[in-house]
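Step one of this worksheet: look at the structure below.
The values are calculated or read from the model by the stated rules, or taken from the named source; none is laboratory data. Since this is a predicted model, take the numbers as computed values, not measurements. Neighbour counts are summed over all protein chains in view; Cβ atoms, including those assigned to glycine, are modelled from backbone coordinates with ideal geometry. The accessibility values were calculated without ligands, DNA or RNA, using every heavy atom of the protein model including side chains. Shrake-Rupley method; radii C 1.70, N 1.55, O 1.52, S 1.80 Å.
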4 protein chains.
Amino acid sequence: MTSPHRFSSEIRVRLSETDALGIVFHANFFTWMDVSRIDYLRNIGQLGELHPTRLFTSVMVHASCDFETPARFDDALVMYTNIVEIGRTSFSFECEIVHKRENRVVARGRSTLVAVDNATWKPIPVPEAFRVAVRAFEGPDLKERKP
Amino acid sequence: MTSPHRFSSEIRVRLSETDALGIVFHANFFTWMDVSRIDYLRNIGQLGELHPTRLFTSVMVHASCDFETPARFDDALVMYTNIVEIGRTSFSFECEIVHKRENRVVARGRSTLVAVDNATWKPIPVPEAFRVAVRAFEGPDLKERKP
Amino acid sequence: MTSPHRFSSEIRVRLSETDALGIVFHANFFTWMDVSRIDYLRNIGQLGELHPTRLFTSVMVHASCDFETPARFDDALVMYTNIVEIGRTSFSFECEIVHKRENRVVARGRSTLVAVDNATWKPIPVPEAFRVAVRAFEGPDLKERKP
Amino acid sequence: MTSPHRFSSEIRVRLSETDALGIVFHANFFTWMDVSRIDYLRNIGQLGELHPTRLFTSVMVHASCDFETPARFDDALVMYTNIVEIGRTSFSFECEIVHKRENRVVARGRSTLVAVDNATWKPIPVPEAFRVAVRAFEGPDLKERKP
């Protein structure tokens with residue numbers, strides 16, 4: 001994580017998210033990281049996803065996750081989420097998921113989304129209004145390539 | 001089941017569909033019954049769902065399931081699915097899920113969907129073309145109320 | 001609902017819980033009702049599920065849901081949950097899911113679970129300690145059949 | 001992919017796996033790749049996962065996926081899966097997901113699992129019997145570090 005932990009959201013592990021090995025089925029971490037991205041975007045006033053007023057649609061092009069320690073049913077998990085990089089048409093989130101009570105890292109993930117035109121789904125430069133909002137929140141840690 | 005078992009599809013339990021109790025998390029049965037409904041509609045040439053050529057959109061208004069015996073990771077399950085009733089604007093499926101190797105009933109479900117206009121999502125009479133296709137498949141066991 | 005709305009929990013619709021029709025895929029309501037049951041049991045000090053100290057394991061034997069109006073991405077939903085009936089070896093929840101901002105009923109569900117022995121998974125009478133806790137919370141609206 | 005496409009399995013996109021953007025929600029690719037790994041292990045006689053006779057438990061430590069083109073409801077997808085590397089205590093799968101009718105790459109993923117002792121969940125060397133089975137299937141393309 002290049003960013004200090006400035007934005008966090010929390011989830012509690014649902015029974016449906018565990019598997020017969022007794023731990024969380026790993027694909028659910030990607031769903032949770034999506035929840036944390038939505039929370040982050042709402043927090044900086046940029047949750048336009050699916051709304052008619054949105055500036056653009058964002059499409060996932062890459063997601064990865066390192067699973068450090070297991071999480072189990074009913075565990076409270078804190079997700080620290082930041083946008084760490086804005087490219088020309090893409091932007092990347094990093095997320096660290098921490099076990100709330102035991103204070104250990106459960107997983108670390110990274111995802112990259114591409115800004116596409118709402119209608120054509122062709123990549124477009126990340127709009128300036130979005131960049132401004134992210135810059136204001138992330139400060140100097142944000143890596144940025146101008147459009 | 002009022003119908004003999006005339007249409008079946010098969011799934012294999014995914015690890016993601018089990019939970020920490022070691023069995024299938026119950027909500028997955030509803031997802032599988034949706035898979036079986038789609039298979040059924042494809043089989044009678046009525047899978048218009050989500051396609052521009054569809055006659056209507058169908059919206060779930062009721063779903064229920066009795067869970068008889070457990071299913072576990074990697075179990076093969078056979079789903080026997082029929083449309084048992086067509087009302088004025090709705091139609092109902094019944095589904096029996098059987099453990100393939102152990103030949104025991106795992107679950108029995110019922111669902112009712114309402115035909116709605118593609119654009120307005122207001123209920124509309126179940127179209128005659130759909131009724132004809134279901135009648136041809138189900139035969140005299142089908143209960144039907146005319147529009 | 002025989003009970004006034006005394007216990008509620010809240011969820012926000014995840015993007016993963018919507019489908020290509022633009023609304024919540026119906027099976028997710030069953031997952032959310034499971035979340036609300038867990039919240040309810042935690043609230044009355046009876047969340048033993050999966051824990052070594054639990055009195056019993058509870059197994060879902062029936063679930064049903066009426067879907068009244070649609071829910072969409074990012075909607076906040078309030079789930080009002082109560083145990084409405086305790087039988088000899090089973091107990092039943094009712095749940096009403098309300099759209100928080102628009103104050104309309106989205107869905108109403110009912111589920112029945114059977115108490116089984118932790119080891120043998122054979123049905124056992126619902127333990128008195130559990131009955132006492134539910135009675136204290138639900139008051140005279142609770143229908144109860146003694147073991 | 002270092003391996004030619006020697007093992008494939010197939011899935012059909014469920015409605016529940018799409019989202020309100022009209023395409024597959026990305027986390028489902030990780031679930032499907034798990035399905036393909038299970039199919040692969042079953043095919044080489046090494047599906048011991050969760051079974052009392054298994055040699056070891058395997059725990060996911062890393063998963064990543066590049067999403068190349070979208071998949072939609074009812075699309076048939078072919079997953080080409082191989083074990084490409086066996087380390088001392090870990091082994092890695094690569095998976096290429098192809099749109100069956102349109103013959104285009106939808107996604108490419110990689111996952112690494114660690115062999116752990118069934119009881120203690122401590123990492124153990126990948127057992128020789130497992131190595132032998134993978135070697136026989138993958139042939140000289142398999143990268144291998146001996147225990």
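Give me D for segment A:19-147 in µm² s⁻¹, whole number, from Stokes-Einstein with Rh from the Kirkwood sum over alpha-carbon pairs, 10 °C and 1.306 mPa s.
102 µm²/s
Distances from B:LEU55 to the same residue in each other copy, label points 7 Å out along Cα→Cβ, in nm, shortest first?
4.7, 5.3, 5.5
Between copies, how far apart are the A:TRP121 label points? List them in nm, one decimal, shortest first, with each point 7 Å from Cα toward Cβ, please?
2.1, 3.9, 4.2
I'd like the distance between the alpha-carbon centres of segment C:58-107 and segment A:38-114, rounded to an integer number of Å.
With segment C:58-107 and segment A:38-114 each reduced to a Cα centre, they are spaced 29 Å.
Residue by residue through segment D:7-19, what is 3J(HN,Hα) from phi via Karplus (6.51 cos²θ - 1.76 cosθ + 1.60, θ = phi - 60°)? Round to whole Hz and write x for glycine and proline.
For segment D:7-19, the Karplus-derived couplings read 10, 9, 9, 9, 9, 10, 5, 7, 4, 5, 8, 8, 10 Hz, x marking Gly and Pro.
Per residue of chain A, what 222 nm ellipticity follows from adding -39500 (n - 2.57) for every DSSP H run with n ≥ 4, rounded to the nearest 500?
Theoretical 222 nm ellipticity from helices: -6000 deg cm²/dmol.
Any idea what angle helix B:27-43 forms with the longest principal axis of chain B, computed on alpha-carbon atoms, 0 to 90 degrees, nearest 10?
Here the helix axis deviates by roughly 50 degrees.
Simple spin-label model, 7 Å along Cα-to-Cβ: A:GLU10 to D:ALA129 in nm?
4.6 nm
Would you mind counting up the charge near B:GLU94? Only other residues with Cβ under 13 Å from its Cβ, with Lys and Arg at +1 and Asp and Glu at -1.
Numbers: positive: B:ARG6, B:ARG37, B:ARG108, B:ARG110, B:LYS143; negative: B:ASP66, B:GLU85, B:GLU96, B:GLU138, B:ASP141.
Local charge sum for B:GLU94: 0.
Report, in degrees rounded to the nearest 10, the 0 to 90 angle that the Cα long axis of helix B:128-138 makes with the longest principal axis of chain B.
For helix B:128-138, the angle is close to 40 degrees.
Which value, in Å² and to the nearest 10, is the accessible area of A:LYS143 when all protein chains are kept and the probe is 1.4 Å?
110 Å²
Let me know the shape class of segment A:86-134, please: from the alpha-carbon gyration tensor, a ≥ b ≥ c as square roots of the eigenvalues, rounded when a/c is under 1.5, otherwise prolate if a/b is greater than b/c, or oblate.
prolate
Accessible area lost on pairing D with B, both sides, 1.4 Å probe, Å² to nearest 100?
Summed over both sides, the interface buries about 1500 Å².
At a 1.4 Å probe radius, carbon and sulfur cover how many percent of the accessible area of segment A:74-147?
Answer for segment A:74-147 is 52 percent, counting heavy atoms of protein chains only.
One quarter of the convex hull surface, Cα atoms only: what value does that give for segment B:33-104 in nm²? Walk me through the numbers on the way to the answer.
Numbers: hull surface 24.1 nm².
Average of the hull's projected areas for segment B:33-104 equals 6.0 nm².
Top mean-square fluctuation among C:HIS99, C:HIS26, C:HIS62, Gaussian network model of chain C, C-alpha springs under 10 Å?
Per the Cα network of chain C with a 10 Å cutoff, C:HIS62 tops the list.
Going by a ≥ b ≥ c, the root eigenvalues of the Cα gyration tensor, does segment C:107-147 fall in the rounded group (a/c under 1.5), the prolate group (a/b larger than b/c) or the oblate group?
oblate
Taking θ = phi - 60°, what integer Hz values does the Karplus form 6.51 cos²θ - 1.76 cosθ + 1.60 yield along segment A:114-121, in sequence order, with x for Gly and Pro?
Coupling constants for segment A:114-121: 10, 6, 10, 4, 4, 8, 8, 6 Hz.
How far is B:ASP141 from the same spot in each other copy, in nm, shortest first, if each label point sits 7 Å from Cα toward Cβ?
Going from nearest to farthest copy, the values are 4.1, 4.7, 6.2 nm.
Over chain D, with a Gaussian network built from C-alpha contacts below 10 Å, which listed residue (D:ALA76, D:ALA107, D:ALA27) shows the highest mean-square fluctuation?
Among D:ALA76, D:ALA107, D:ALA27, the largest GNM mean-square fluctuation belongs to D:ALA27.
Can you compute 3J(HN,Hα) from phi for each residue in segment D:81-96, using the Karplus curve 6.51 cos²θ - 1.76 cosθ + 1.60 with θ = phi - 60°, rounded to whole Hz and x for Gly and Pro?
For segment D:81-96, the Karplus curve yields 10, 9, 7, 9, 7, 10, x, 6, 10, 10, 8, 10, 9, 10, 9, 10 Hz.
By the gyration tensor of its Cα atoms, with a ≥ b ≥ c the square roots of the eigenvalues, what is the shape of the protein assembly as shown: rounded for a/c under 1.5, prolate for a/b over b/c, or oblate?
Rounded, since a/c falls under 1.5.
Around A:LYS146, with a cut-off of 9 angstrom between Cβ atoms, what is the net charge of the other residues, counting Lys and Arg +1 and Asp and Glu -1?
Its environment carries a net charge of +2.
Per residue, how large is the accessible surface of chain D? Use a 1.4 angstrom probe and give square angstrom.
41 Å²
Which residue in chain B puts its Cβ closest to the axis that rotates chain B onto chain C, and at what distance in whole Å?
B:SER64, 2
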